[in-house]
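S.K.: Pasting a structure below so you can have a look.
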Amino acid sequence: MAFGPDRNTMTRTQTQVADVDVGLRKYMLGVYNYMALGVAFTGIVALVVAMSPAAMQALVFSPLKWVLFGGIFLSGFVAPRIMMSGSVTACHAIYWVYAAMWGALMAPMFMMYTGESLVRVFFITAAAFAGLSLYGYTTKRDLSPIAAFATMAIIGVLVAMVVNIFFLQSAGFQLLISIGVVLLFAGLTAYETQMIKQMYYEGDGHEVQTRKSIFGAYLLYGSFVTLFVWLLSIFGVARD
């Protein structure tokens, strides 16, 4: 009489778990690699644009910056549909265009802040992002309530920004907004990492998994860059 699971069954189960772990690690590594390449590409674009007086003049004195901001904002609605149902080529296209728009929009920061403070804030952002993403990957707690809260919070932040720009023009209130945005996207980073991990277990084919990797990189990239921009507004040192 058998009082426990068959040894062959246990071996097969352990092998399946190991395969899933290896596959998950490969999948998440792909997500982080795409994200890191996106951040590097953004830095290159920002540097190239910052070195062009004509491009900088267009960004500062023309509606171009609003066009870029609008493109980044609209991509939040368009990108998920394309990346989850389109081709891998389309996923790459929208991801790299998104990264390029961020790079162009961030170019004036190279002129506004000292190089030392840019580097310091980048490493602060990288360290914070790594810790938050690790928490999202390892925690057993369901972080999905963060997504529902974030929707309302982002609307509130946008309203507060408009009010401060056109009415209050308060440096203190702007600092509060910056802190609020950092806290909001800190939570989103953990939630997005957990969601990306859960997407792997749906067990799709190779092409779908590739699209999911790019989509995951798109989400985490957006949170990383947003954290960097707003941390820079808090800790950045302006040039003389």
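The values are calculated or read from the model by the stated rules, or taken from the named source; none is laboratory data. Owing to the predicted nature of the structure, the values given are computational and were not obtained by experimental measurement. Neighbour counts run over all protein chains shown; Cβ positions are idealised from the backbone, glycine included.
S.K.: Would you check which residues across the range 231-240 are surrounded by fewer than 22 Cβ atoms within 10 Å (Cβ to Cβ) and touching a residue at least 40 places away in the same chain (Cβ under 8 Å) and list them?
M.R.: Result: LEU231, SER233, ILE234, PHE235, GLY236, VAL237, ALA238, ARG239.
S.K.: Which of the residues belonging to the range 187-209 are within 17 Å of the chain's Cα centre (by Cα) and of a type in the set (A, V, I, L, M, F, W, C)?
M.R.: Across the range 187-209, the qualifying residues are LEU188, ALA190, MET195, ILE196, MET199.
S.K.: Picking from LEU184, LEU118, which residue would you name as being surrounded by 12 or more Cβ atoms within 10 Å (Cβ to Cβ) and over 15 Å from the mean Cα position of the chain (by Cα)?
M.R.: Only one candidate passes the filter, namely LEU118.
S.K.: Could you count how many residues in the range 195-211 are assigned to a helix (DSSP H, G or I) and over 20 Å from ALA153 (Cα atoms)?
M.R.: The number of residues fulfilling the criteria is 11.
S.K.: I've got another one for you. Can you find a residue in the range 129-151 that is modelled with pLDDT under 90 and loosely packed, with under 11 Cβ neighbours inside 10 Å?
M.R.: Looking for residues that are modelled with pLDDT under 90 and loosely packed, with under 11 Cβ neighbours inside 10 Å, one finds at least one in the range 129-151, hence yes.
S.K.: A further question on this structure: Within the bounds of the range 123-140, is there any residue that is more than 30 Å from VAL49 (Cα to Cα), of a type in the set (A, V, I, L, M, F, W, C) and touching a helix residue (DSSP H, G or I) at 6+ places or on another chain (Cβ under 7 Å)?
M.R.: Checking the range 123-140: at least one residue is more than 30 Å from VAL49 (Cα to Cα), of a type in the set (A, V, I, L, M, F, W, C) and touching a helix residue (DSSP H, G or I) at 6+ places or on another chain (Cβ under 7 Å).
S.K.: Sticking with this structure for a sec: ILE154: surrounded by 14 or more Cβ atoms within 10 Å (Cβ to Cβ), touching a residue at least 24 places away in the same chain (Cβ under 8 Å) and farther than 28 Å from LEU47 by Cα, yes or no?
M.R.: Judged against the criteria, ILE154 is a match.
S.K.: Go through VAL60, VAL67 for me and flag whichever is of a type in the set (Val, Ile, Thr) and modelled with pLDDT of 90 or more.
M.R.: Going through VAL60, VAL67 in turn, the sole match is VAL67.
S.K.: Name the single residue, out of those in the range 52-78 being surrounded by fewer than 12 Cβ atoms within 10 Å (Cβ to Cβ) and not in a helix (DSSP H, G or I), that is nearest to the chain's Cα centre (by Cα).
M.R.: Out of the qualifying residues, it is PRO63.
S.K.: Now, a different point. With the structure loaded, tell me whether VAL225 is out of contact with any Ser or Thr (no Cβ under 7 Å at 6 or more places or on another chain) and assigned to a helix (DSSP H, G or I) or whether it fails that test. Write out each step before concluding.
M.R.: Numbers: out of contact with any Ser or Thr (no Cβ under 7 Å at 6 or more places or on another chain): no; assigned to a helix (DSSP H, G or I): yes.
So VAL225 does not fit the description; no.
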